[in-house]
Amino acid sequence: MTRVAVLGAKGRMGSTSIAAIEAAEGLEVVAQVDVGDSLDAITAAGAEVALDFTQPDAALDNVRWCVEHGVNVVVGTSGFGADKLAQVEKLFTEDQTVGVLVVPNFSIGAVLLMRFAADAAAYFESVEIVEMHHPNKVDAPSGTAVRTAELIAEARTAAGRGPVPDATTTDPDGARGASVAGIPVHAIRARGYVASQEVVFGDAGETFTLRHDSHDRESFMPGVITALRRVGSLRGLTVGLDSLL
Ligand SMILES: NC(=O)c1ccc[n+]([C@@H]2O[C@H](COP(=O)([O-])OP(=O)(O)OC[C@H]3O[C@@H](n4cnc5c(N)ncnc54)[C@H](O)[C@@H]3O)[C@@H](O)[C@H]2O)c1
């Protein structure tokens, strides 16, 4: 049995994950940590793996604590762009004894959307991302949108493409969205969504849209279980589920 501690245990993703872990073979929840609880509960319970679904401000400190205490970590919390990933990498000395797996999106459809978006990126002059989430989400843009933008930007650079064309000179209210790695990202917050994303590509005379919708948090659970089963065999930092599929 792999002994799992869930951080953010009382939240939407934490509580859905606890039910999924308890139903999964070979995994058991030994510690449930939320605001106000000491992280010492993780080692006191003998957890081998921690699952973090807290909030962007807290997750990096949690990862640091786990690495220092020899506990593997799966991070589902958003906000791990290039800066924070670099800080995670710095936590590892030459002697890597644990794995940290940062997963911007656990659903298979979203993982495939990111892969297909990176494949398409070389072929289109224009690209923008629209992400849609429930209005209780505290951070924007989503971790998935940030990762998608970074992958698209890498593919464009490798293909020798310059910046996306945009003649806008006046935009006092930020109507053109955020710029992540040079890719425009727009965030919608509306009741009814769980997590959706569109990537819109454009070139002369055509547009091409990739879209994924998570209608229920169940869509993340097979990925969460796979990550928890595999992180113990990783060392150092791994980003995304891609390499585990
Ligand atoms: N990777 C993915 O596939 C995926 C999918 C959905 C959501 N998310 C992300 O997961 C995170 C959690 O989402 P949610 O909808 O469950 O949020 P939520 O607000 O429902 O739950 C967060 C929980 O974390 C707790 N918490 C906050 N700070 C803490 C700390 N320092 N220590 C322990 N617990 C703490 C809160 O009290 C709360 O119970 C968000 O960043 C969200 O964007 C990721």
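Determine whether residue 16 is among the hydroxyl-bearing types (Ser, Thr, Tyr) and either at pLDDT 95 or above or surrounded by 16 or more Cβ atoms within 10 Å (Cβ to Cβ) (or both). Before you say what the answer is, go through the steps one by one.
Working: among the hydroxyl-bearing types (Ser, Thr, Tyr): yes; either at pLDDT 95 or above or surrounded by 16 or more Cβ atoms within 10 Å (Cβ to Cβ) (or both): yes.
In short, yes.
Of the residues that sit in the stretch 89-118 and are polar (S, T, N, Q) and touching a helix residue (DSSP H, G or I) at 6+ places or on another chain (Cβ under 7 Å), which one is farthest from residue 236 (Cα to Cα)? So that I can check it myself, show each step before the final result.
Step one: of the stretch 89-118, the residues polar (S, T, N, Q) are 93, 96-97, 105, 107.
With the extra rule that they be touching a helix residue (DSSP H, G or I) at 6+ places or on another chain (Cβ under 7 Å), the set shrinks to 105, 107.
Numbers: 105: 19, 107: 23 Å.
Once the filter is applied, the top-ranked residue is 107.
Among the numbered conditions (1) at pLDDT 95 or above; (2) closer than 18 Å to residue 113 by Cα; (3) touching a strand residue (DSSP E or B) at 6+ places or on another chain (Cβ under 8 Å), tell me where residue 230 comes up short.
Unmet condition: (2).
Which residues, taken from the stretch 145-180, are free of Cβ contacts under 8 Å to residues at least 60 places away in the same chain, surrounded by 12 or more Cβ atoms within 10 Å (Cβ to Cβ) and of a type outside the set (D, E, K, R)? Please lay out each step first, then the result.
Filtering the stretch 145-180 down to residues free of Cβ contacts under 8 Å to residues at least 60 places away in the same chain leaves 145, 148-149, 151-179.
Pick out the ones that are also surrounded by 12 or more Cβ atoms within 10 Å (Cβ to Cβ) and you get 145, 148-149, 151-157, 161, 164, 166, 176-179.
Answer for the stretch 145-180, where residues must be free of Cβ contacts under 8 Å to residues at least 60 places away in the same chain, surrounded by 12 or more Cβ atoms within 10 Å (Cβ to Cβ) and of a type outside the set (D, E, K, R): 145, 148, 149, 151, 152, 153, 155, 157, 164, 177, 178, 179.
When you scan the stretch 86-116, how many residues do you find that are under 21 Å from residue 178 (Cβ atoms) and surrounded by 15 or more Cβ atoms within 10 Å (Cβ to Cβ)?
Of the residues in that region, 6 qualify.
Residue check: is residue 148 farther than 24 Å from residue 64 by Cα and within 16 Å of the ligand (Cβ to nearest atom)? Break it down stepwise before answering.
Numbers: farther than 24 Å from residue 64 by Cα: yes; within 16 Å of the ligand (Cβ to nearest atom): yes.
Considered against the rule, which asks whether it is farther than 24 Å from residue 64 by Cα and within 16 Å of the ligand (Cβ to nearest atom), residue 148 comes out as yes.
Any idea which residue in the stretch 214-245 is farthest from residue 151 (Cα to Cα), counting only those that are in a strand (DSSP E or B) and within 15 Å of the chain's Cα centre (by Cα)? Quick ask: steps written out before the conclusion?
Going through the stretch 214-245, the residues in a strand (DSSP E or B) turn out to be 214, 236-239.
From the residues that got through so far, the ones that are within 15 Å of the chain's Cα centre (by Cα) too are 214, 237-239.
Numbers: 214: 21, 237: 17, 238: 15, 239: 12 Å.
Residue satisfying both the conditions and the ranking: 214.
Do you know which residues across the stretch 117-134 are exposed (fewer than 15 other Cβ atoms within 10 Å of the Cβ), part of a helix (DSSP H, G or I) and either of a type in the set (S, T, N, Q) or touching a residue at least 60 places away in the same chain (Cβ under 8 Å) (or both)?
The answer is 123, and nothing else.
For residue 188, all conditions in the list (1) of a type in the set (Val, Ile, Thr); (2) within 16 Å of the ligand (Cβ to nearest atom); (3) buried (at least 19 other Cβ atoms within 10 Å of the Cβ) hold save one; what is the number of the exception?
Here residue 188 clears every test but (3).
Assess whether residue 148 counts as being of a type outside the set (Lys, Arg), modelled with pLDDT under 95 and under 16 Å from residue 118 (Cα atoms).
no
Limited to the stretch 227-245, what total is found for residues that are open to solvent by 50 Å² or more (accessible area, probe 1.4 Å) and more than 17 Å from residue 29 (Cβ to Cβ)? Break it down into steps so the answer makes sense when it comes.
Filtering the stretch 227-245 down to residues open to solvent by 50 Å² or more (accessible area, probe 1.4 Å) leaves 229-230, 233, 235, 242-243, 245.
With the extra rule that they be more than 17 Å from residue 29 (Cβ to Cβ), the set shrinks to 230, 233, 235, 242-243, 245.
Residues flagged as open to solvent by 50 Å² or more (accessible area, probe 1.4 Å) and more than 17 Å from residue 29 (Cβ to Cβ) within the stretch 227-245 amount to 6.
What single numbered condition from (1) open to solvent by 30 Å² or more (accessible area, probe 1.4 Å); (2) in contact with a helix residue (DSSP H, G or I) (Cβ under 6 Å, 6 or more places away or on another chain) fails to hold for residue 30?
So the condition that residue 30 fails would be (2).
Hey, does the stretch 124-141 have a residue that's modelled with pLDDT under 95, within 17 Å of residue 80 (Cβ to Cβ) and touching a helix residue (DSSP H, G or I) at 6+ places or on another chain (Cβ under 6 Å)?
yes
Determine which member of the set 40, 57 is out of contact with any strand residue (DSSP E or B) (no Cβ under 8 Å at 6 or more places or on another chain), within 13 Å of the ligand (Cβ to nearest atom), within 20 Å of residue 98 (Cα to Cα) and open to solvent by 10 Å² or more (accessible area, probe 1.4 Å). Walk me through how you get there before you give the answer.
Working: 57 fails: within 20 Å of residue 98 (Cα to Cα).
Result of the check over 40, 57: 40.
The values are calculated or read from the model by the stated rules, or taken from the named source; none is laboratory data. Keep in mind that what you see is a predicted model, and the values were worked out from it rather than measured. Neighbour counts run over all protein chains shown; Cβ positions are idealised from the backbone, glycine included. Remember, those area values only see protein heavy atoms, side chains included, never the ligands or the DNA or RNA. Shrake-Rupley method; radii C 1.70, N 1.55, O 1.52, S 1.80 Å.
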